[in-house]
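Asks: Please read through the structure below; I'll follow up with questions.
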Amino acid sequence: MEPWQRKVTEWSRSPSLFVREALGATPEAWQEEVLAAIEGGARRIAIRAGHGVGKTALESWTVLWSLLFRRPCKIPITANSQDQLRDVVWAEIALWWRKMPPFLKDLIELTSERVFIKSDPEGAFAVARTARPEKPEALQGFHSPNLFFLLEEASGIEDIIFETAGGALTGETAFVLMAGNATRGQGYFHRAFH
C-alpha cells in the first residue's frame, strides 16, 4: 500500500484526522468532541454557540469528509435564508475545499448550489435548500444509504422544516447536524437542549 493510500484509509476512519492532516486545521476542543461523536456513529448532533466560534467551519469539514468517505452520500443543507447558504455556508465549504490536497480536491466539484463527487454527481452530493415554512417539501425526497441533513442557523428554522427533514431520517445511517445561535426560547432547536 502506498503511503498516500494508507493516509486516505486513516482519514476515512477519522474525521478529526482528516481535518488536521488533509485540511490543515486545528479543531477547538468542542469541535474535536463533535468530530469524535461523528466518528463514533452519532446520528443526531445539535450545537448551540455564539457568533464566530467555528460552527460553519465544522459543518464544512463534515460535509467534505462525508462526501469523500461515506459514499454514496446525499447532503441537503438548509438555512433560514438563501443569503446564509450562499454567503456563509457555501463560502466556508469553498474555503476548506481549496485547502485540500490536490488529489482530493480534484475529486470534488463546487458550484453555486451543489458540491459533488465528479465521478458520481447524482449519488454523492451536497445541495443548498432554503428552509421556508411555505415550502417545506423542498427537503423531501432525499434518499441515500448515507443521508446527512445539515441545518445552519437552526434556531431560525421553523418546526415544519424539522418535521419534513425528520421523515427522511429513518435509515440506519441517516445523520442530522444542526447548529446555530440560541436566539429563540421555543421550537425544535430549543427543545434539543431542554
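The values are calculated or read from the model by the stated rules, or taken from the named source; none is laboratory data. This one's a predicted model, so the numbers in the text were calculated from it and none came from an experiment. Every residue, glycine as well, gets a Cβ built from its backbone with ideal geometry; the counts of neighbours run over all protein chains shown. Keep in mind that these areas ignore ligands, DNA and RNA; they rest on the heavy atoms of the full protein, side chains included. Shrake-Rupley method; radii C 1.70, N 1.55, O 1.52, S 1.80 Å.
Asks: If R₀ is 35 angstrom, what is the calculated FRET efficiency for the pair Arg20 and Asn181, using the beta carbon separation as r and rounding to 0.05? Please report the intermediate quantities before stating the final value.
Replies: Numbers: r = 27 Å, r/R0 = 0.76.
Approximately 0.85, to the nearest 0.05.
Asks: Please compute the net charge surrounding Ile117, taking Lys and Arg as +1 and Asp and Glu as -1 over other residues with Cβ under 13 Å from its Cβ.
Replies: On the way: positive: Arg70, Arg71, Lys74, Lys105, Arg114, Lys118; negative: Asp106, Glu109, Asp120, Glu122.
Residues near Ile117 contribute +2 overall.
Asks: Let me spell out the model: positive unit charges on the Cβ of Lys and Arg, negative unit charges on the Cβ of Asp and Glu, origin at the Cα centre of region 1-110. What dipole size does that give, in debye rounded to 20? All intermediate terms of the calculation are to be shown ahead of the outcome.
Replies: Working: 15 positive and 13 negative charges, 59 e Å.
Value, rounded to 20: 280 debye.
Asks: Can you tell me how much longer the chain between Val53 and Lys99 gets when fully stretched, taken as 0.36 nm per residue apart minus their C-alpha distance, in nm with one decimal? Provide the component values of the computation, followed by the final result.
Replies: Details: separation 46, 0.36 × 46 = 16.56 nm, distance 1.97 nm.
Stretched fully, the Val53-Lys99 segment lengthens by 14.6 nm.
Asks: Kindly sort His143, His51 by accessible area of their heavy atoms, largest first, with the probe set to 1.4 Å. Show your work: numbers first, answer last.
Replies: Numbers: His143 130, His51 160 Å².
Result of the area sort, largest leading: His51, His143.
Asks: Can you send over the solvent-accessible area of Val63, 1.4 Å probe, protein chains only, in Å² to the nearest 10?
Replies: Number for this one is 0 Å².
Asks: Considering Cα pairs under 8 angstrom that are at least six residues apart, work out the relative contact order of region 1-154 and quote it in whole percent. Spell out each step's value before the answer.
Replies: Numbers: 191 pairs, mean separation 41.2, N = 154.
It rounds to 27 percent for region 1-154.
Asks: Ok, one more. Packing-wise, with mean Cβ within 10 Å as the measure, how do 66-76, 113-123, 28-38 rank, highest first?
Replies: On the way: 66-76: 21.0, 113-123: 14.5, 28-38: 16.4.
So the order, starting with the most tightly packed, is 66-76, 28-38, 113-123.
Asks: FRET efficiency for Glu122 and Arg43, Cβ-Cβ distance as r, R0 = 25 Å, nearest 0.05? Working shown, then result.
Replies: Numbers: r = 24 Å, r/R0 = 0.96.
In this case the efficiency is close to 0.55.
Asks: Is the shape of region 1-116 rounded, prolate or oblate, going by the alpha carbon gyration tensor and its root eigenvalues a ≥ b ≥ c, with a/c under 1.5 for rounded and a/b larger than b/c for prolate? Please report the intermediate quantities before stating the final value.
Replies: Working: a/c = 1.68, a/b = 1.25, b/c = 1.34.
Note, shape of region 1-116 comes out oblate.
Asks: Still on this model: Compute the FRET efficiency between Arg114 and Ser81 as 1/(1 + (r/R0)^6), taking r as their Cβ-Cβ distance and R0 = 30 Å, and round to the nearest 0.05.
Replies: On the way: r = 18 Å, r/R0 = 0.61.
Efficiency for this residue pair is about 0.95.
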